[in-house]
Amino acid sequence: MRVRKAVLADARVIAKINVDTWRSAYRGLIPNEILDKMSYDDREKLVKQFLEADEKKIFTYVAEDTSGLIVGYVMGGPERFNNPSYDGEIYAVYIQNEYQRKGIGRLLIREVAKRLQNENISSVIVWVLSSSPFKSFYKSIAGQELETKVEDLGGFQGEITAYGWQDIRRLTELKLPGQPPHIA
């Protein structure tokens, strides 16, 4: 598996991963009409906006398998809601279904955390749909559950939960499956 900075040409694949994983992960949690209404074209336009905004310190990385196929992505940058305790945020982490639970999420989180740290960001937060089956991932990498709130999530009011890391180094030093533990 290889992680690299995303480029504009990756937008369509990132959009497809986003739509497909929303539809599979959130079916039954988000109204079906919202999931069914999502389109690759609309999501691609949004992804392009994020990729073009890199000058504004929004970072996108993709994970590629050994054949060069993009199988997941992560987006991060400055914290968006003026939280006084966290200066960075992970905006999105999505991985194709068949590649989940193989350490790719950890690999992507570690890479974006390193980039945030290089931008002098020392703490990070992520917001997750409270009913998401994947919120346990953030707990597994030592995310502290912070708060919940209700937000408009593309046409419906959904509860989201924040997980945070006061020290971003916890994420930059994430161990990957099969990697020996660090001995100090």
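The values are calculated or read from the model by the stated rules, or taken from the named source; none is laboratory data. These numbers come from a predicted model, not from an experiment. Virtual Cβ from ideal backbone geometry, glycine too; neighbours counted across all protein chains shown.
Here are some notes:
- Residues of the range 24-82 satisfying the condition of being under 10 Å from Ile14 (Cβ atoms) and modelled with pLDDT under 90: Phe50, Leu51
- Taking the criterion of being under 21 Å from Gly103 (Cα atoms), free of Cβ contacts under 8 Å to residues at least 40 places away in the same chain and among the basic types (Lys, Arg), the residues of the range 122-177 that qualify are Lys135, Lys139, Arg170.
- Of the residues making up the range 43-77, those that are of a type in the set (A, V, I, L, M) and in a loop (DSSP other than H, G, I, E, B) are Ile58, Leu69.
- Number of the exception - Arg4 against (1) in contact with a Phe, Trp or Tyr (Cβ under 9 Å, 6 or more places away or on another chain); (2) within 24 Å of Asp65 (Cβ to Cβ); (3) surrounded by 14 or more Cβ atoms within 10 Å (Cβ to Cβ): (3)
- Of all the residues in the range 100-138, those that are part of a helix (DSSP H, G or I), among the charged types (D, E, K, R) and either over 14 Å from Lys5 (Cβ atoms) or under 13 Å from the mean Cα position of the chain (by Cα) (or both) number 4.
- Scanning the range 78-90 for residues that are buried (at least 17 other Cβ atoms within 10 Å of the Cβ) and either touching a residue at least 60 places away in the same chain (Cβ under 8 Å) or outside any loop (DSSP other than H, G, I, E, B) (or both) yields Tyr86, Gly88, Glu89, Ile90.
- Scanning the range 113-127 for residues that are crowded, with 20+ Cβ neighbours inside 10 Å and touching a helix residue (DSSP H, G or I) at 6+ places or on another chain (Cβ under 8 Å) yields a total of 3.
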